[in-house]
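For reference, the structure discussed in these notes is given below.
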Amino acid sequence: MLSIGHACVDVYQGAVAALVPFFVAERAYDYATVSGMVLAASLLSSFVQPMFGALTDRWAMPWLLPVSTLLGGVGIAFSGLSGSYGLTLAFVALSGIGVAAYHPESARVARLASEGSHNAMAWFSTGGNLGFALAPLMVAAAMAAGGLHRTPLLVLPALVGAVLCLPVLRALAHKNATAAAAAMPVGKDDVGSFVKLSLAVVFRSIAFVGLSTFIALHAQQTIGSSAAGTAALFVLYLGGAFGSILGGTLAGRWGRVIVSRWSYLAAVAALAGVVFVPGPALYLFIAATSAGLYIPFSLQVTLSQDYLPSRIGTASGVTLGLTVSIGGLASPLIGVLADHTTLRTALTALILMPALSWLFFRTLPEPTPPRAAPQPTDDTEPARSPA
């Protein structure tokens, strides 16, 4: 249930990139301007998500799940209604805040339910990746009904997601949720490793967000049709769903750090193929790049929680929010470079990003399993800090 709700929320992260070609076509925005929309969705998230993470370390706030889901949907629903670029940015930013508020609490609840299982967290992440994958299809269907003025149709996933959150709220209200929370693991914080991991996620985020922002336009230029852009985004996001599931399985055998390290190396080669290989083979390299960047995704969430076990919400907020959002901050720079050179030249710079992530993972240890200690169990009583 939580994984499906995650899919409904992450539709709105994918929807921003999926709307980019329509804003270019209907409003004649240039590359730098549309990348500013991605910036709007990411900038507030980069600050808000860690803040919500810190709050969920102190108080459990399951009510955030339906409220933030609705907020994410309402922002995107209104983004296409005004011809004002300022209002468009404001609505996209509102959606970004909703998505940011959702992730730390949902990651805390997912860890609670999974008891720290890598595979379970991978399936939770897969829900979000499926939301990404569905975003370009849903956006294309809505835009076909009348262009940007049909963005209110995109509020439907938020309504579904909010309803699906209600059984989760009821389950968390039961006493067995209290018992499960008391078993949540706590150990010694490894701040140095957490910082290195966060930097690795930053570079991974720059590669993925930059690619998701411009891959539709790149595919249109390479293959020569607007449908090619929608298909490219769909493959990019669907490959991420496959990568998340594969990551949890591989980590059970070889460990999270080793699997992530090799995945980033593979992503370097695959991303080079995206940029330089012409024709329909582009889709194979998009899928390989997406898998390479997403195999480590859920593993990085559990690694961050194990490196910072006394602050699971903060760790989740930084890994899922601050570091990921920095990719959005870099997108306007990629857009400016594309405007002054070519889109292919700008995308070439992204090949370096997973290589930098690989370098940081070479320095990371595999954390030992932490011991058990209490966590917050309701909306009002603060959790006591571990000794």
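The values are calculated or read from the model by the stated rules, or taken from the named source; none is laboratory data. As the structure is a computational prediction, the values presented were derived from the model and not from experiment. So basically every Cβ, Gly included, is an ideal-geometry build from the backbone, and we count neighbours across all protein chains shown.
Here are the numbers for the structure shown:
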{"quantity": "Number of positions in region 350-387 that are of a type in the set (S, T, Y) and at pLDDT 50 or above", "calculated": "3"}
{"quantity": "Matching residues in region 62-77 - criterion: being in a helix (DSSP H, G or I) and either farther than 13 Å from G96 by Cβ or of a type in the set (D, E, K, R) (or both)", "calculated": "L64, L65, P66, V67, T69, L70, A77"}
{"quantity": "Those residues of region 94-113 which are of a type in the set (G, A, S) and under 16 Å from the mean Cα position of the chain (by Cα), in sequence order", "calculated": "S95, G96, G98, A100, A101, S106, A107, A110"}
{"quantity": "Top-ranked residue of region 170-228 - restricted to ones that are among the basic types (K, R) and modelled with pLDDT of 90 or more, ranked as surrounded by the most Cβ atoms within 10 Å (Cβ to Cβ)", "calculated": "R204"}
{"quantity": "Members of region 62-93 that are under 19 Å from the mean Cα position of the chain (by Cα) and under 23 Å from L169 (Cβ atoms)", "calculated": "L64, L65, P66, V67, S68, T69, L70, L71, G72, G73, V74, G75"}
{"quantity": "Residues located in region 55-86, provided they are at pLDDT below 85 and hydrophobic (A, V, I, L, M, F, W, C)", "calculated": "L55, W59, A60, M61, W63, L64, L65"}
{"quantity": "Filtered residues of region 78-99 (kept if outside any helix (DSSP H, G or I) and either polar (S, T, N, Q) or crowded, with 24+ Cβ neighbours inside 10 Å (or both))", "calculated": "G80, S82, S84"}
{"quantity": "Those residues of region 150-164 which are more than 25 Å from E26 (Cα to Cα) and either β-branched (V, I, T) or crowded, with 18+ Cβ neighbours inside 10 Å (or both), in sequence order", "calculated": "A158, V160, G161, A162, V163, L164"}
{"quantity": "Positions within region 229-287 being surrounded by 17 or more Cβ atoms within 10 Å (Cβ to Cβ) and either β-branched (V, I, T) or outside any helix (DSSP H, G or I) (or both), in sequence order", "calculated": "T230, V235, I245, V257, V259, V268, V274, V275, I286"}
{"quantity": "Pairs, first free of Cβ contacts under 8 Å to residues at least 24 places away in the same chain in region 281-303, second acidic (D, E), C-beta under 6 Å, six or more apart", "calculated": "none"}
{"quantity": "Exclusive hit being over 22 Å from G14 (Cα atoms) and among the small types (G, A, S), set G210, G273, G247", "calculated": "G273"}
{"quantity": "Residue under evaluation L153, criteria (1) closer than 16 Å to A15 by Cβ; (2) at pLDDT below 85, criterion not met", "calculated": "(2)"}
{"quantity": "Subset of region 324-363 that is of a type in the set (S, T, N, Q) and in a helix (DSSP H, G or I) - its residue that is nearest to Y264 (Cα to Cα)", "calculated": "S357"}
